[in-house]
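Below: the structure, in C-alpha cells.
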Amino acid sequence: MEDFQHKNSKPEFRNSEPNKKDDFIFGLRPVLEAIEAGKTIDKIFVQNALQGEIYAELKAVLAKYKIRPNYVPVEKLNRFTRKNHQGVVAFISDVPFHKIENIIPELFEEGKVPFILILDRLTDVRNFGAICRTAECVGIHAVVIPEKGGAPINSDAIKTSAGAMYNIKICKENNLAHVVDYLQQSGVSVFSATEKAQKLIYDVNFTEPCAIVMGNEETGISKEVLHHSDEKIKLPIEGKTQSLNVSVACGAILYEAMRQKLVKIN
C-alpha cells in the first residue's frame, strides 16, 4: 500500500499468483469436474483463443457459477506446469467465498453492527494472511477482496493467517466501487486509509456500521474507491520514515476501531 508502506522498500514476499503445486489442477475435464463438484476456485487461467467442444462445456459452467477466467498466453500456463494442461489451469482454495450482499442483511437481522474490511488489490500473500489474522482477532465480519488483481488464497496465505481464514468470511467481488456503494446504501460508512487524508483515525467514529479500506502495497487505494468513500483517514507519523507496512497500518487502525467499540460498550 503506497500510503503506508515505505516507497523505497520492497515487500519481503510478493506474488499475485499461486505457486504451490498442491494448490492447482489442470486439464479441461479435471477443472470442469472440480467446479461441478463444488470446489472453490480462487483463480483460473485459460489459454488465449482456446477452442473445442470440452472447452465450450467448461465455458458454460464458468458462466453458470459466475467464475471469471484470466485469459493468458500459453507461455504463462507453461510456467505453472510442463504437463499437458490443455490450455487450462485452475487454483483451488480451501476457503469458501461469500457474497457481501448476503452478509450485511444477516448481520442486521442478528442485531450486529457490521464491521467490514476491504482490501483493494493487495498482492503480497504474507501481508494478506497477516491482515486476515488480525481481522479475525478484532471481530471483522467479512474481508472483501477483488476477483482479479489480489493475492491468492493459497496455502501460504492460510499458513500466515494462522488458520484465521477458516474462521472469517471472505468475499470475492467483481467491482469494489460497487461494493462501497452497496455498503453505503445499507447504512455502512466507508473509511479509506490514505496518507492524503486530513483526519486521523482517532477523529472518526468506528462504533457505527463501518467498513475500512486498505490499498495496494505500491499504488494505494484506487481513485474510484477513494472517490466513493465517505471519509479518508490516516495514521499519525512522527518519525523520518513516512510510511508503514500495510499489515502493520491495518492492525493499528483495526485495533483503534476495536478500542472505540469496547469503550462504547463499557
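The values are calculated or read from the model by the stated rules, or taken from the named source; none is laboratory data. Note that the structure is a prediction, hence the values are computed from the model and not measured. Note that we place each Cβ from the backbone using ideal geometry, even for glycine, and neighbour counts take in every protein chain shown. Heads up: the accessible areas ignore ligands, DNA and RNA and are worked out on the full protein's heavy atoms, side chains in. Shrake-Rupley method; radii C 1.70, N 1.55, O 1.52, S 1.80 Å.
Annotations
- The single condition from (1) open to solvent by 10 Å² or more (accessible area, probe 1.4 Å); (2) more than 15 Å from Thr40 (Cβ to Cβ) that Ile131 fails is (1).
- Residue within segment 251-263 that is closer than 16 Å to Leu176 by Cα, of a type outside the set (Lys, Arg) and surrounded by fewer than 21 Cβ atoms within 10 Å (Cβ to Cβ) present: no
- Selection from segment 160-170 of residues that are open to solvent by 10 Å² or more (accessible area, probe 1.4 Å), among the polar types (S, T, N, Q) and either in contact with an Asp or Glu (Cβ under 8 Å, 6 or more places away or on another chain) or under 13 Å from His141 (Cα atoms) (or both): Asn167
- Residue that is modelled with the highest pLDDT, among those in segment 26-50 that are within 21 Å of Asp156 (Cβ to Cβ) and open to solvent by 50 Å² or more (accessible area, probe 1.4 Å): Phe26
- Matching residues in segment 207-266 - criterion: being polar (S, T, N, Q) and assigned to a helix (DSSP H, G or I): Ser247, Gln260
- Hits in segment 34-46 - residues which are touching a strand residue (DSSP E or B) at 6+ places or on another chain (Cβ under 7 Å) and not acidic (Asp, Glu): Ala34, Ile35, Lys39, Thr40, Ile41, Lys43, Ile44, Phe45, Val46
- The condition (being closer than 27 Å to Phe24 by Cβ, open to solvent by 60 Å² or more (accessible area, probe 1.4 Å) and among the acidic types (Asp, Glu)) is satisfied by just one residue among Glu173, Glu218: Glu218.
- Just one of (1) on the phi > 0 side of the Ramachandran plot; (2) in contact with a helix residue (DSSP H, G or I) (Cβ under 9 Å, 6 or more places away or on another chain); (3) open to solvent by 60 Å² or more (accessible area, probe 1.4 Å); (4) of a type outside the set (Phe, Trp, Tyr) fails for Cys137. It is (1).
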